[in-house]
There are 2 protein chains.
Amino acid sequence: MPRTSEPGRTVGSRLLEVLFAFQPGNSALSLADLVRTTGMPHATVRRLAVELADFGALDRRPDGRFTVGLRLWQLGTLAPLTESLRTLAQPFLEDLYTALHQHVQLAVLEGQEAVIIERLSASEAPELVSQVGGRLPLHCTGVGKVLLSHGGTELIESVLSGELREYSSRSIVAPEVLRKEIAGCRRTGTATVRGELTPGTDSVATRIVNGEGRVVAALSVVVRTDSVKHPAVLPSVIASGLGISRLLGWSPGVKVRHS
Amino acid sequence: MPRTSEPGRTVGSRLLEVLFAFQPGNSALSLADLVRTTGMPHATVRRLAVELADFGALDRRPDGRFTVGLRLWQLGTLAPLTESLRTLAQPFLEDLYTALHQHVQLAVLEGQEAVIIERLSASEAPELVSQVGGRLPLHCTGVGKVLLSHGGTELIESVLSGELREYSSRSIVAPEVLRKEIAGCRRTGTATVRGELTPGTDSVATRIVNGEGRVVAALSVVVRTDSVKHPAVLPSVIASGLGISRLLGWSPGVKVRHS
């Protein structure tokens, strides 16, 4: 993680701070933006940004602002978790999409958030706040609840004792209610969320388990409230999740771990 | 692009050389691998790799080898071309996939290669040599021929006068034949390739044009030879390509540029 702006930081870490200044919703940055975000002198930021652009890690737009470059995107596709999991899961996502014609997405745990690593979107389905590569809170999304429930005691306690943001009037933020949900999710492997992140948008999620019984991802279908019956969606989501899990080496004899 | 191993290179460029040492098919590297690839001293490579891992740009596996990290993948998803183009194109790829049940892919030009930025894969379709983020040669693939034909005189002359690798016995490598194909592709906006990259695998491709008439990507359907009739596939590929182009601001009045 980026350090604070102490003068002793290395050239390498300064370069990485410039690079990781680019964020979802903040993906085209001027030199002035980069100076503001990193707290480094203009001349330093300029030299580092030019160096990053020389390598194709950043691109420079005609208006002078920098964006993440195609070469960096290519490099990112080599990340092993997303690469193998996405490749294995893709036919199942396709089939689920064909069967339901709703958003289908796959997410993994990173820190205290869920990161969406793949999504197939239906044009008639509700608009979503985040995109592939984006983050979702653990306590009020379907994939988040599944990942949280299987992320171990330390993660659960840290999330439950931290700030539980109320994204909508339906967000469940009472720790004792969440604790009960987590216990249920560990038992069933699934989570159903009604309008907790965005009013009018529900999500039905299940876990993806590998050959060692570890929950490595969560799969969900996101639907407009009342557009489909959750009990009708759930079995297909579970079946697809189990199908992906089998490809990862899981079988019905493998005990699912909760940490 | 990475420089050669001169001693005068900066710390920043050394860090980026370590990062860009990761390649498709070479995505888990030990310190020894990194020393060999970069030509830098072991202690330098070690320090830089640890720095990259601290930021989450690299991950360290239990066996000590490094891989590209999830945080870098997330950063890569911010690359504007892939982000907006993939988002716009996705429903069209879905629909084409649903209609044909064949591989559907989207590629852009980078340097003298095509980079696959999105693909939907059919399980019954032929196995492909490359994946999303991977590169394809321009002279003997469907998307490659489309991008080459619209890439301008300088690119065309450079590719035709360079090494034209014979990937299969069906690869077209005679410059004068390729020149004729390029002229045809500029006229029709499409390219059909039969077994030129991989024997038994054909591809039907079309151009994606933006509001300024610039060809910004190519869309293709990849099929097993003789599994489907190309003339039956072509209209749906063209229609999908035009649909994506319209979303990018193109309309039938916009003249397509060839450079």
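The values are calculated or read from the model by the stated rules, or taken from the named source; none is laboratory data. Note that the structure is a prediction, hence the values are computed from the model and not measured. Note: ideal-geometry Cβ built from the backbone for every residue, glycine included; neighbour counts use all protein chains shown. Keep in mind that these areas ignore ligands, DNA and RNA; they rest on the heavy atoms of the full protein, side chains included. Shrake-Rupley method; radii C 1.70, N 1.55, O 1.52, S 1.80 Å.
Distance between the modelled labels on A:Ala239 and B:Gln131, one decimal in nanometres: 2.7 nm (7 Å Cα→Cβ projection). The share of accessible area on the protein assembly as shown that comes from carbon and sulfur is 54 percent, using a 1.4 angstrom probe. The mean number of Cβ atoms from other chains found within 10 Å of a Cβ in peptide B:64-71 is 5, as a whole number. From the Cα gyration tensor of region A:114-215, with a ≥ b ≥ c the square roots of its eigenvalues, which class applies: rounded if a/c is under 1.5, or else prolate if a/b is larger than b/c, or else oblate? It comes out oblate by the Cα gyration axes.
What's the long-distance tail for region A:11-75, i.e. % of Cα pairs beyond 13 Å? Result for the distance tail: 58 percent.
Counts of other chain beta carbons within 10 angstrom of each beta carbon in peptide A:82-94 average 3.
Working ranking of peptides A:106-115, A:27-36, A:79-88, B:135-144 by packing, defined as the average number of other Cβ atoms within 10 Å per residue, highest first, is B:135-144, A:106-115, A:79-88, A:27-36. Label sites at B:Leu88 and A:Thr10, each approximated as a point 7 angstrom past Cα along Cα to Cβ, lie 4.2 nm apart.
Full extension of the chain between A:Ser168 and A:Ala232 yields a length gain of 20.5 nm, computed as 0.36 nm times the residue separation minus the alpha carbon distance.
Is any helix in chain B, taking whole DSSP H runs, at least 24 angstrom long along its axis by alpha carbon and on average at least -0.5 on the Kyte-Doolittle scale, and which ones? Qualifying helices, which must be both long enough and hydrophobic enough, are B:80-100, B:230-247. At a probe radius of 1.4 angstrom, the accessible area of chain A per residue rounds to 43 square angstrom. Among the protein heavy atoms, those of A:Arg246 account for about 130 Å² of accessible surface (1.4 Å probe, every chain in place). Relative to its residue count, chain A spans a Cα convex hull of 153 Å³ per residue.
Out of all Cα-Cα pairs in region A:59-141, roughly what percent, to the nearest whole number, are more than 15 Å apart? Pairs farther apart than 15 Å: 67 percent. For a paramagnetic label modelled on B:Lys255 (point 7 Å from Cα along Cα→Cβ), amide N atoms under 14 Å away are absent within region B:146-177.
Loop-located trypsin sites (Lys or Arg not before Pro) in region B:201-238 (DSSP state other than H, G, I, E, B) with a sparse environment of at most 14 neighbouring Cβ atoms within 10 Å: B:Lys229. Between rounded, prolate and oblate, where does region A:1-111 land on the alpha carbon gyration tensor, with a ≥ b ≥ c its root eigenvalues, rounded for a/c under 1.5, else prolate if a/b exceeds b/c? Verdict is prolate for region A:1-111. Calculated FRET efficiency, A:Val50 to B:Arg179, Cβ-Cβ distance, R0 = 45 Å: about 0.75 to the nearest 0.05. Between region A:205-259 and region B:51-110, the alpha-carbon centres lie 23 Å apart.
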